[in-house]
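Have a look at the structure below before the remarks.
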Amino acid sequence: MNRSIMDWPTFYGALVLLIAVALPLVLFPDWGQAVVTGANEMVSGNFGVLYLLVGMVLFIFLLYIAFSRYGRIVLGSRESKAEFNTITWAAMLFAAGIGSSIMYWGTIEWAFYYQDPPFGAEPGSTEAIEWATTYGLFHWGPIAWAIYCLPAIPIAYFFYVRKRPVLKVSEACRPILKHHTDGWLGTVVDVLFMFGLLGGAGTTMALATPLIGAGFTHFTGIEAGMGVYAVILVIATAIFGVSAYTGLRRGIRVLSNVNFWLSVVLLGFIFIVGPTVFLSNTMMNSIGMLADNFFRMGMWSEPFRNMGPFEQTGFPQDWTIFYWAWWLVYAPFVGLFVARISRGRSIREMVLGTLIYGTTGCLLYFGILGNFGLYLELSGQYSVVDTMNNVSPEAAIIGTVAQVPLSGLFVLIFVLLAVIFLATTFDSGSYILASVCQKYIDDEPERWNRLFWAVVLATPSAVLMFLGGLETLQTASIVGGFPLIFIMAMLAYSFTKAVKEDMPNSFGQKYYIYREDLD
Ligand code: NM2
């Protein structure tokens, strides 16, 4: 082990903060829950509008960057070639940023909106159905991916153009933090995001395990309890541990590609063999709804709640704001990862690639799996809503997939994909956590370090899942992600500042090269 390479304050800072939050949740669960729930209500009730604002502003900012001359800047030097081909790049990007939650929410999110629709629609009405097919696309759409992409821009710029061999969020804030980057302030920025990611990962884990468990029940008829969950966790941890250990060019790349092709098989099959016309029409319709209502949805803050004739639905807080917060806690990690895999691409390619491939991937999951469920519901073939309300959402998800012809095979593929999606998020997560705990990176972070964070990523969520308190940790991480709003603003500002400083001067000296200089 190379001691001098490690950034111990960050390493221990993140661990200590995690233990300091998780331990009281195990020892005093009720008290912990009350405190954290209160904090969450305070933040999403009072500052929800900030989340909505950040989402909208970032989205517009990214489009500006992509289409301005900054978009043409190449991330690297004249010799740098794109390290991964575009399909692999897109597959890695998607697999890192999206975990098994997409299989969960992609299949079932509509059923929640169908029963509790937005904008005062009648539950179960035609209006509710149209919103139900649209809102999922919105919450997993361009704004969400813009939140993911923003940190990638300054991080990639400093890493590949200014050639600072450090993969850290604090490093990308250097133009603002100045010498404090190397002091405690820089450490706080990094520790905060690491804590957010560890908690956000808990949310992913908490959704994935019962989902995989429901798949197990489907095949064996045995009720999945804690024992089964424990086995699932050990298997998943083993998979992503190996993947993180073997690194970016082996485990992570291969697993991401498997993930991509299995998704193509699953979705392609349901689309072709299932109600193709219904699925195409519904997707087309909801894209139109989304385009038409994009700003309305993105800025709906339910201002008149509980005033006069207005009843409170809590929809924006429970869904949009919660989602933006959840994307936000993952964003620095995804940004770091996207930056790491984008050498040789232009900023425009990176930004538009993230927005377009990310949104399209989510659209296909929601549009095919979710609308397939809706089709079953409306045609009376299988009631997703009944199963969800009377058994569990997980059972309704597996029940939906089980309606596909060759159901045994496809439920198996579905469950396998859930495991792989979980693994591909956690392997890149451990890779990035390891990178942040190093003073510099010599190609890849240390192996033991990657393995260490793979275990840390799995353990607290597992412990809290068994002992109770996981939900509190999830909420805590979302609340803990609040400062990320300001970190995002710093990242955006740092980038514009740096890129202006580096503008080619009148002597023709250039810090960076434009895409067209290469051709
Ligand atoms: N997001 C995409 O579990 C997962 O899919 C990880 C979740 C932020 C909603 C990310």
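The values are calculated or read from the model by the stated rules, or taken from the named source; none is laboratory data. Everything numeric here is computed off the predicted structure, so don't read it as measured data. Cβ sites come from the backbone with ideal geometry, for glycine too, and all protein chains shown count toward neighbours. Only protein heavy atoms, including side chains, enter the accessible area calculation; ligands, DNA and RNA are left aside. Shrake-Rupley method; radii C 1.70, N 1.55, O 1.52, S 1.80 Å.
Here's the yes/no breakdown for (1) modelled with pLDDT of 95 or more; (2) more than 16 Å from the ligand (Cβ to nearest atom):
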residue	(1), (2)
ILE287	yes, yes
LEU290	yes, yes
GLN312	no, yes
TYR323	no, no
ARG345	no, yes
LEU363	yes, no
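The single condition from (1) open to solvent by less than 30 Å² (accessible area, probe 1.4 Å); (2) away from the ligand (no atom under 16 Å from the Cβ); (3) in contact (Cβ under 8 Å) with a residue 60 or more places away in the chain that PRO210 fails is (2).
Filtering TYR330, TYR375, TYR357 for residues that are aromatic (Phe, Trp, Tyr) and away from the ligand (no atom under 15 Å from the Cβ) leaves a single hit, TYR375.
Filter the range 355-373 down to the residues that are in contact with a Pro (Cβ under 9 Å, 6 or more places away or on another chain) and surrounded by 22 or more Cβ atoms within 10 Å (Cβ to Cβ), then identify the one that is nearest to LEU58 (Cα to Cα). Across the range 355-373, the extreme among qualifying residues is LEU355. Residues in the range 77-91 that are open to solvent by 10 Å² or more (accessible area, probe 1.4 Å) and either of a type outside the set (Asp, Glu) or assigned to a strand (DSSP E or B) (or both): SER77, ARG78, SER80, LYS81, ALA82, PHE84, ASN85, THR86, ILE87, THR88, ALA90.
The residues of the range 469-500 that are polar (S, T, N, Q) and open to solvent by 20 Å² or more (accessible area, probe 1.4 Å), listed by number, are GLN474, THR475, THR496.
Taking residues in the range 220-240 that are farther than 21 Å from ALA454 by Cα, and partners anywhere that are modelled with pLDDT of 85 or more and open to solvent by 60 Å² or more (accessible area, probe 1.4 Å), the pairs with Cβ atoms closer than 9 Å and at least 6 places apart or on different chains are ILE222/PHE216; ALA224/PHE216. The C-beta contact set for the range 18-47 (first residue without any contact (Cβ under 8 Å) to a residue 24 or more places away in the chain, second residue open to solvent by less than 70 Å² (accessible area, probe 1.4 Å) and in a helix (DSSP H, G or I), distance under 8 angstrom, 6+ apart or interchain) comprises PRO24/GLY32; TRP31/PRO24.
Can you confirm whether the range 213-226 contains a residue that is in a helix (DSSP H, G or I), open to solvent by less than 10 Å² (accessible area, probe 1.4 Å) and either at pLDDT 85 or above or within 16 Å of the ligand (Cβ to nearest atom) (or both)? Yes, that holds for at least one residue.
For the range 92-108, check the following and say yes or no: at least one residue is among the β-branched types (Val, Ile, Thr), within 30 Å of PRO309 (Cβ to Cβ) and buried (at least 22 other Cβ atoms within 10 Å of the Cβ). Among the residues of the range 92-108, not one is among the β-branched types (Val, Ile, Thr), within 30 Å of PRO309 (Cβ to Cβ) and buried (at least 22 other Cβ atoms within 10 Å of the Cβ), which makes the answer no. Restricting attention to the range 423-451, the residues that are of a type in the set (Phe, Trp, Tyr), out of contact with any strand residue (DSSP E or B) (no Cβ under 9 Å at 6 or more places or on another chain) and surrounded by 18 or more Cβ atoms within 10 Å (Cβ to Cβ) add up to 1.
The set of residues from the range 313-359 being more than 27 Å from ILE108 (Cα to Cα) and not in a helix (DSSP H, G or I) comprises SER342, ARG343, GLY344, ARG345, SER346. Can you tell me which residue within the range 105-161, out of those that are away from the ligand (no atom under 16 Å from the Cβ), in contact (Cβ under 8 Å) with a residue 12 or more places away in the chain and in a loop (DSSP other than H, G, I, E, B), is farthest from LEU75 (Cα to Cα)? Going through the qualifying residues, I end up with GLY120.
Here is a yes/no grid of residues against (1) acidic (Asp, Glu); (2) surrounded by 23 or more Cβ atoms within 10 Å (Cβ to Cβ); (3) touching a Leu at 6+ places or on another chain (Cβ under 7 Å):
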{"residue": "PRO118", "(1), (2), (3)": "no, no, no"}
{"residue": "TRP140", "(1), (2), (3)": "no, yes, no"}
{"residue": "ALA144", "(1), (2), (3)": "no, yes, no"}
{"residue": "ALA156", "(1), (2), (3)": "no, yes, yes"}
{"residue": "VAL161", "(1), (2), (3)": "no, no, yes"}
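Exactly one residue out of VAL258, VAL277 is under 24 Å from GLU83 (Cα atoms), more than 16 Å from the ligand (Cβ to nearest atom), open to solvent by 20 Å² or more (accessible area, probe 1.4 Å) and of a type in the set (A, V, I, L, M), and it is VAL258. Has the range 310-325 got at least one residue that is among the charged types (D, E, K, R), surrounded by fewer than 22 Cβ atoms within 10 Å (Cβ to Cβ) and under 30 Å from TYR440 (Cα atoms)? Within the range 310-325, not a single residue is among the charged types (D, E, K, R), surrounded by fewer than 22 Cβ atoms within 10 Å (Cβ to Cβ) and under 30 Å from TYR440 (Cα atoms). Inspect all residues belonging to the range 412-422 and state whether any of them is at pLDDT 90 or above and buried (at least 24 other Cβ atoms within 10 Å of the Cβ). Within the range 412-422 (the criterion being at pLDDT 90 or above and buried (at least 24 other Cβ atoms within 10 Å of the Cβ)), the answer is yes, since at least one residue qualifies.
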